[in-house]
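See below for the structure under consideration.
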Amino acid sequence: MKICRLATILLVLLPCGGAVAQSMPYDIEIGYRWLDTSGNRDMYRSQINERSGFLLRAFTLTTTDIDGTATLLDHFRVDANDLGAGPSGSLRISAGKSDLYRLNLNYRTAELYSALPAFANPFISQGIIPGQQTYNRDRDMVNIDLELLPGRRIVPLVGYSWNRLSGPGRTTYTVGGDEFQLGSNLSATDSEFRIGAAFNYGMFRGVVIQGWRDYEANEVLTLTTGTGTGNNPGSVLGEPITADTIRRESRTDSDAPFTQLFVTAQPLERLRVIGNFDRFSADSNDVEEDSAAGSFASFAIGRFFDGRLQDVAGDASNDSWRGGLRAEYALSNQIMVIGTASRQHRELEGSSLISTVFLDSLTFGGVDPRDLETILETRNAMEREEDRFSIGAVARSIGAFNLRAQYSESHQDITVSPDISEIVVPGSQGGEFDRKVRSFDAGAGWAGNGFTAGIDYRQDRADDAVLRTDFIDRDRIRLRAGWRTPGNMVRLGVSAEEMNQDNDRPGIDFDAEVRQFSGDIEVAPHAAVRVRGSFSRFDADSTITIRRPENFRLEPSIYSQSGDMIEAGILLLLEDWNFDGSFATIENEGSSPFDIDRFRLRLGYDVNERVGVIAEWLSDAYDEPLLPLADYDADRFGVFVRLRP
């Protein structure tokens, strides 16, 4: 479905609704952009992906001066941004008649590209790029919402959403003693239809929605040309491992009805009660067909084989619901007490039947030629229930102060039932788990004479951990301060934040610390001049014990990042000219060091009240000290015309 066709239809219908004013206010900026890159173009596309070509930078059309005799419309608006030679764009159309309907239509498009040179690339040391895990896909999203009889006590609601992801990619697949590169072609569509009503009756207001979601995906993977020898040269027990053909096709079909309810009530002048309930039930069926031909080995069956046929049939269900209540009581005009209680429940269950046939298999000793079939049936389940309650208070405008404080508790009960056939490391991987988290959150703010200051603190304590990255202790503190002169001639701001979390259980030893500081200044010595600058620093360190997948040994994983960013810019607004220029430099050290320098220049000239001309230059220089193959320089030049009525 082309969204531009829908816009055209609405524009054609506009005059049919009755008398329309001759003037239709609009604002459009359109032009052409040129791209000049050197270095690793794949890395540039993975990070920025702006291209040469025509670009609709911005477009707005508004009609509100419609004669009252119009039968279909009394307001109509179109907004579009970055459509054309850009990595993402959007279009929004809204129309309606005040006492009849409101229609909102949104369209978004994005080009998703990833070809990172060092990500899962076994040949990076040989200078071979990009890696073997890449994709170049398009995502298109449409959302339509219709309200009927707005302003009435009961307002019917109808909605539809459509989300499609498609395109090629590359990945790797391990079979028969080696790893091979496969090309991928994916097509996945998620569609949703919903119907419901908003209501406003007496002290009750709310919304109830019933929806149905359908997801369908198909992915075909085939051996890429010239990669039949695999990633690992050599042989297994003297037998070369090669692939003549590999083909995998997977299909997924999922149906998920859902229900949403939101209600707010005001039984007393100072009391407001809010309730919500959501339920989601999904059933999914998956089918995968796998075939390979060549010369392979398997230590699981102790045989060489010339081909493999594998069929996988799986199904899964996800039944989840959550509900909650929130009460707000105003003790006075400045002080409010807030209490909440909620429960969340989730059940996951799935099974899979895997049938594998090894063709023309021989033992490693070269005897017993025959086809060999193995069948594996697995069944897994998980049930999770979480109860949460909180009590807190907010005090506003107590002199120059604002205060808040809240205490909350969360109780989690989790039951995991993995299939014994899937467990490959010792120890219990299932069972019943209970976890309680107690949290305290408080903050204070002060404002006066152009100054502002604030502090926020949160403390979380858990009695146990379920996942390896679950915290036992977590603390976060944030400080902020600012100052501005009358008329905002000078504005200063600083903020600092630190978060620490850990899980000291033996065999996990998780510890993480994140610190961030930023400061900015903005000076406007004249109404036509504004100068800005900022500095930010970010530090992150974490350690955790991991298990290596190739030998299941435990070892510490250490991650560290430390980055600085400096930005500066100037804005000039003259009678017919305007100029906006900025510079930013980012330097990151640690586990993944890189440097980025960015320039942005934009010059505009108003030829007259209706026509303006804009020129811009954008430059990005990316450098990885440990991997020069990833470096690039990219310059974009653009010329645009701005038109107004």
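The sum of -39500 (n - 2.57) across all DSSP H runs of n ≥ 4, divided by the residue count of the chain, sets its helix-only mean residue ellipticity at 222 nm to -1000 deg cm²/dmol.
Full extension of the segment from H75 to D434, taken as 0.36 nm per residue of separation minus the current Cα-Cα distance, would add 123.7 nm. Maximal additional length on extending the V494-D464 stretch stands at 7.2 nm, based on 0.36 nm per residue less the C-alpha distance. Computed from Cα atoms alone, the Kirkwood hydrodynamic radius reported for the range 588-637 is 13.3 Å. The residues of the range 316-471 expose, per residue, 59 Å² of accessible area to a 1.4 Å probe. Global dimensions of the range 293-428 from alpha-carbon coordinates: Rg and Dmax equal 28.6, 91 Å. For the range 591-626, the set of chymotrypsin sites (Phe, Trp or Tyr not before Pro) satisfying both a DSSP loop assignment and a count of at most 12 other C-beta atoms within 10 Å is empty.
Computed over the range 422-558, the alpha-carbon pair-distance distribution with 10 angstrom bins reads 10, 26, 24, 17, 12, 8, 3, 0, each value a whole percent. When the solvent-accessible area of the chain is split by element, carbon and sulfur atoms take up 57 percent of it, the probe being 1.4 Å.
Along the charge dipole of the chain, Cβ charges K/R +1 and D/E -1, which of N81, M382, A95 sits furthest on the positive end? Result: A95, furthest along the dipole toward the positive end.
Annotation: for a label point projected 7 angstrom from Cα along Cα→Cβ of R505, no residues of the range 381-413 have a backbone N closer than 11 Å. Full extension of the chain between L554 and V208 gives 119.5 nm of extra length, using 0.36 nm per residue less the Cα-Cα distance. Once both labels are positioned 7 Å from their Cα atoms along Cα-to-Cβ, the gap between I521 and E609 label points is 4.1 nm. Evaluated at q = 0.16, 0.21 Å⁻¹, the base-10 log of the normalised Debye intensity for the range 455-507, with identical point scatterers placed on the Cα atoms, takes the values -0.60, -0.79. If R0 equals 22 Å, the separation of the Cβ atoms of H345 and T378 corresponds to a calculated FRET efficiency of about 0.35. Modelled spin-label separation between V220 and D99, with each label point placed 7 Å from Cα along the Cα-to-Cβ direction: 5.7 nm. Put a dot 7 Å past the Cα of F451, heading toward its Cβ, do the same for V263, and the two dots end up 5.0 nm apart.
The alpha carbons of the chain occupy a box of 88, 59, 54 Å along the principal axes, longest dimension given first. A dipole drawn for the range 281-364 from +1 and -1 charges on Cβ atoms has a positive end, and of G324, F305, A293 the residue lying farthest that way is G324. Largest accessible area first, the listed residues W212, W321 line up as W212, W321 when surface is computed with a 1.4 Å probe on the assembled protein chains. Quick one: go through the range 331-359 and flag any residue whose amide nitrogen is under 17 Å from the point 7 Å out along the Cα-to-Cβ line of R270. Residues passing the 17 Å test: 331-339.
Using only alpha-carbon positions in the range 23-154, the gyration tensor eigenvalues give semi-axes of 45, 19, 6 Å once each is multiplied by 5 and square-rooted (largest first).
What the Cα atoms of the range 110-176 give is an Rg and a Dmax of 22.0, 70 Å.
The values are calculated or read from the model by the stated rules, or taken from the named source; none is laboratory data. Here the structure is a predicted model, which is why all the values come from computation and not from measurement. In this analysis, Cβ positions are derived from the backbone assuming ideal geometry, glycine residues included, and neighbour counts consider all displayed protein chains. Side chains are part of the model used for accessible areas, which takes the heavy atoms of the whole protein and leaves out ligands, DNA and RNA. Shrake-Rupley method; radii C 1.70, N 1.55, O 1.52, S 1.80 Å.
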